[in-house]
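Colleague: Below you'll find the structure I mean.
The values are calculated or read from the model by the stated rules, or taken from the named source; none is laboratory data. What you are looking at is a predicted structure, and each value in this text was computed from that prediction instead of being measured. Neighbour counts are summed over all protein chains in view; Cβ atoms, including those assigned to glycine, are modelled from backbone coordinates with ideal geometry. Please note that ligands, DNA and RNA were not included when accessible areas were found on the heavy atoms of the full protein model with its side chains. Shrake-Rupley method; radii C 1.70, N 1.55, O 1.52, S 1.80 Å.
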Amino acid sequence: MTVTENTLKDKTAVVGIGATPYYRRGQSLPQTPLEMAGKAVIAALDDAGLTVDDLDGFALYSMGFDTSLLAQWLGVPDVKFTAMLTGGGGGAAGSVGLASAGIVSGMADVVVSVMTLQQAASRFGASFAPRGKPGATYSAPPSPEGNFIQPAGLHGPGQMFAVLAMRHMHLYGTTREHFAEVAISTRANAVRRPTALMREPLTLDQYFDARMISDPLCLFDFCLECDGAVAVVTTSAERARDLRHPPVYVVASAHGGHGRWGQAITWLGMPDEYFASSGHRPIAQRLWEMAGVGPESVDVALLYDHFSPMVLMQLEDYGFAPVGESGPFVADGNIRWPNGSLPVNTHGGNLSEAYIIGMTHVKEAVEQLRGTAVNQVDGAQFALATGGPASIPTSALLLRR
Amino acid sequence: MALRGVLPPEVIQLTPNVFTQPFWDAAAEHRLVLPRCTACSAYRFPPAPFCWRCRAQEVEWVQHQGNGAIYSYTVVRHAVIPDVRDALPVIAAVVELPGTDGCRIVGNVVDCEPEDVKVDAPVMLDWYDVRAGTAVPIFRLI
Ligand SMILES: [Zn+2]
């Protein structure tokens, strides 16, 4: 079955982007997470040349937040659409697809996708840890499914993704040098960005001198733990033409995944065929089908980088490199800005700019296609943004200028 | 003698539900049992109310010897919670059990050095008695 007719293709556009500053974990206090969401929404509407009076929809992900209080605070005149992708961090890119679906269906006209994050009271790095001592702030209650992995010490996403990375190394000969190239190239992009939290260059020696967190992953394979908010405003292609910036069109968006990918890292029982993957293969297939173009058309890729090996696996799952050959692909300099064949995470990513659960990737895709990015890819026409390799849904968004 | 390479009992808390309780009841007796669909014979793990292949609900609990091969693993070296600091490093292995439709059990590989652990290495099942009435699976290199 082909899906070229009745799709979202080119019917909507991203017209506004906004963000708070990015903070180290806990440093955004005394602001509240919902306050930061409001600041990002107002900034994104302003960027578009719109106001809260134009806003009529919310499209969220990753457990989001209740929109009623924010709409009440902001005085949104008429809320017509509030929806959320389920799952964990996989829905960042897909939340813009969800916004587009709301707009194309006629349910809403101006929809904001927003992520806000404050890791003061708890941290994602220990999100699967047992409850611990009374008063401890790192805890999460164990689930019946978690009982099968937590007793062995898999207490955070990094410990779990390490298992996928180790399998990838075993199957394909991927090395820590390949992981390092992701971390180092991403840091090189962050060095030039005033918004980035990590602005010192990273050397290969520093990478190999860093402490191991969970083999084969060291400190620099892990993303940052941050606070902040990012919002993105989407509207119809027709309305977009009259706004402040040139429209950035939504070419395609897809979310979901194989049911037997399921909870992914928190069960580790995924079929052998795609265990050592990002879980994105079915998303990529539908994305390219909807877009009518393939990976060869992408000028810049913003790939969700919570852990460096998962960037490699996405390069494979989206077809930029054959399965098993992402290591040599990055070793050849392909993901470097500005001269690589596919600059990746030109904003510094989750690894070195800030971790706002992937919304910075969408924001950077928009800046690249407006031609206003700090690390601009000359003449970028198509940008890919992805949501986190995680429990389903994972997601993707292909934008063009 | 104390096991080397497991977490302290206080950070191991089990919260079984109706589907997983039989697994843990058997574990306390040092028996590994897996739920198998009575309609199509597919194993399902972790225990669940539906067969992923045929959607039937009923299962029979089948005992497995527990020997298998390391499918993948990690060496947890950095404590993300303070309570595990003194126990690290621990090796967390994903062990695939032969003849079970790809069921994988996660457990520590104990009493060995991290350098000795490899993907595909054969392992045998053992048990860590966390406290009275609670045991979790662990593995030893063969
Ligand atoms: Zn069945």
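Colleague: If you split all Cα-Cα distances of the protein assembly as shown into 10 Å bins from zero, what percentages do you get per bin, shortest first?
Modeller: Histogramming the protein assembly as shown at 10 Å steps yields 4, 19, 28, 25, 16, 7, 1, 0 percent.
Colleague: Tally Lys and Arg at +1 and Asp and Glu at -1 over the other residues with C-beta under 13 Å from the C-beta of B:CYS40: what net charge comes out?
Modeller: Working: positive: B:ARG36, B:ARG44, B:ARG53, B:ARG55; negative: B:GLU58, B:GLU60, B:ASP101.
In short, +1.
Colleague: Which of these, A:GLY388, A:GLY319, A:GLY158, has the largest mean-square fluctuation under a Gaussian network model of chain A (Cα springs below 10 Å)?
Modeller: Highest fluctuation among the options: A:GLY319.
Colleague: What is the diffusion coefficient of the range B:15-64 in µm²/s, taking the Kirkwood radius over Cα pairs and the Stokes-Einstein relation at 4 °C with a viscosity of 1.567 mPa s? Could you put the intermediate results ahead of the total?
Modeller: Values: Rh = 10.9 Å.
Approximately 119 µm²/s, per Stokes-Einstein.
Colleague: Restricting attention to the range A:261-297, which GluC sites (Glu not before Pro) occupy a DSSP loop and are surrounded by at most 10 other Cβ atoms within 10 Å? Spell out each step's value before the answer.
Modeller: Working: sites: A:GLU273, A:GLU289, A:GLU296; in loops: none.
Taking the range A:261-297 and a limit of 10 other Cβ atoms within 10 Å, no loop GluC sites (Glu not before Pro) are found.
Colleague: Might you list the cysteines of chain B that have no disulfide-compatible partner by the rule of another cysteine's Cβ under 4.7 Å?
Modeller: B:CYS103, B:CYS112
Colleague: Another question, if that's okay. All other residues with a Cβ under 13 Å from the Cβ of B:PRO16 taken together, and with Lys, Arg as +1 and Asp, Glu as -1, what is their net charge?
Modeller: Numbers: positive: none; negative: A:GLU145, B:ASP25.
For residues surrounding B:PRO16, the net value is -2.
Colleague: When only the heavy atoms of the protein chains count and the probe is 1.4 Å, how do A:MET290, A:MET359 rank by accessible area, highest first?
Modeller: Numbers: A:MET290 30, A:MET359 0 Å².
Final ranking, largest accessible area leading: A:MET290, A:MET359.
Colleague: Given the options A:ASP56, A:ASP305, A:ASP272, state which has the largest fluctuation in a GNM of chain A using a 10 Å cut-off (strictly under) for Cα springs.
Modeller: A:ASP272
Colleague: Can you tally the net charge around A:SER308? Count Lys and Arg as +1, Asp and Glu as -1, for every other residue whose Cβ sits under 12 Å from the Cβ of A:SER308.
Modeller: Working: positive: A:ARG176, A:ARG187; negative: A:GLU177, A:GLU181, A:ASP221, A:ASP305.
Residues close to A:SER308 contribute a combined charge of -2.
Colleague: Heads up, I need the accessible area for A:GLU145: 1.4 angstrom probe, whole protein in place, Å², nearest 10.
Modeller: Counting only protein heavy atoms, A:GLU145 exposes about 60 Å² to solvent.
Colleague: Let me ask something additional. Please compare each pair in A:LYS9/A:LYS39; A:LYS11/A:LYS363; A:LYS80/A:LYS363 to a cut-off of 21 Å on the Cα-Cα distance and tell me which ones are over it. Before the final figure, lay out each step's value.
Modeller: Working: A:LYS9/A:LYS39 30 Å; A:LYS11/A:LYS363 19 Å; A:LYS80/A:LYS363 24 Å.
Exceeds cut-off: A:LYS9/A:LYS39; A:LYS80/A:LYS363.
Colleague: Can you send over the solvent-accessible area of B:TRP61, 1.4 Å probe, protein chains only, in Å² to the nearest 10?
Modeller: Its heavy atoms expose roughly 90 Å² to the probe.
Colleague: So what is the relative contact order of chain B, in percent, for Cα pairs below 8 Å that sit 6 or more residues apart?
Modeller: Numbers: 284 pairs, mean separation 36.1, N = 142.
Relative contact order for chain B comes out at 25 percent.
Colleague: Let me ask something additional. Taking each full run of DSSP H in chain A as one helix, which ones are at least 24 Å long along their axis (Cα atoms) and have mean Kyte-Doolittle hydropathy of at least 1.6?
Modeller: On the way: long enough: none.
Answer set is empty.
Colleague: Using a ≥ b ≥ c from the Cα gyration tensor of the range A:285-401 (square roots of the eigenvalues), is it rounded, prolate or oblate, where a/c under 1.5 gives rounded and otherwise the larger of a/b and b/c decides, a/b for prolate?
Modeller: Numbers: a/c = 1.13, a/b = 1.12, b/c = 1.02.
Rounded, since a/c falls under 1.5.
Colleague: Tell me which of A:PRO144, A:ASN339, B:GLY102 sits at the most positive position along the dipole axis of the protein assembly as shown, charges placed on C-beta atoms (Lys, Arg +1; Asp, Glu -1).
Modeller: Result: A:PRO144.
Colleague: Using Cα-Cα distances under 8 Å and only pairs 6 or more residues apart, what relative contact order does chain A have, in percent? Kindly include the intermediate steps, with their values, before the conclusion.
Modeller: Values: 1003 pairs, mean separation 101.5, N = 401.
That works out to 25 percent.
Colleague: Mind checking the dipole of the protein assembly as shown: about its Cα centre, +1 per Lys or Arg Cβ, -1 per Asp or Glu Cβ, Debye to the nearest 20? Before the final figure, lay out each step's value.
Modeller: Details: 39 positive and 53 negative charges, 84 e Å.
Dipole of the protein assembly as shown, to the nearest 20 debye: 400 debye.
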